[in-house]
Amino acid sequence: MIIREKRSWQLAIFRFLLRIVRLVVGKRLPGVPKMRKDMDRAARWFLPRAKNITVQPLTIAGVKAERITPKGARHDKALYYLHGGALCLCSLDTHRRMIAKIACRWHYRFCH
């Protein structure tokens, strides 16, 4: 089952800013480490920090991951969120707040 979140105004603004960056920078994009750092910063700015969650670092098949557990989460259910793009520009940091928000809303544990 695929569950889709309603698109937020934050996502619309984020996409708009990415378009502006492409226009300003043009075809000369900075290196991947700089772009990842900028994406991490943007994610912190656009998504509020979730409260009452526990973040546990994990390693799954040699890949860094996290388990996010909101207070009062169901222990009989857990979801695994797969990032697109092979984590080239985004990271656990960019997705942590989004995953925490969904976990708190659904009261599920999430691994990402």
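Quick notes on this structure:
- Tally, over region 86-112, of residues that are assigned to a helix (DSSP H, G or I) and out of contact with any Pro (no Cβ under 9 Å at 6 or more places or on another chain): 9
- Cβ separations smaller than 8 Å between residues 6+ apart or across chains give no pair from region 65-84 residues that are without any contact (Cβ under 8 Å) to a residue 12 or more places away in the chain to residues that are in a strand (DSSP E or B) and exposed (fewer than 15 other Cβ atoms within 10 Å of the Cβ).
- Scanning region 59-85 for residues that are assigned to a loop (DSSP other than H, G, I, E, B) and either surrounded by 11 or more Cβ atoms within 10 Å (Cβ to Cβ) or among the basic types (Lys, Arg) (or both) yields a total of 6.
- Filtered residue count, region 1-19, keeping only those that are at pLDDT 75 or above and either over 29 Å from residue 78 (Cβ atoms) or among the acidic types (Asp, Glu) (or both): 8
- Qualifying position, being over 20 Å from residue 10 (Cβ atoms), of a type outside the set (Phe, Trp, Tyr) and under 11 Å from the mean Cα position of the chain (by Cα), among 92, 58, 82: 82
- When region 64-99 is filtered for residues that are at pLDDT 90 or above and small (Gly, Ala, Ser), the ones remaining, listed by number, are 65, 72, 73.
The values are calculated or read from the model by the stated rules, or taken from the named source; none is laboratory data. Nothing here was measured: the structure is a model prediction, and the numbers come from that model. Here the Cβ is made from the backbone with ideal geometry for all residues, glycine too, and neighbour counts use every protein chain on show.
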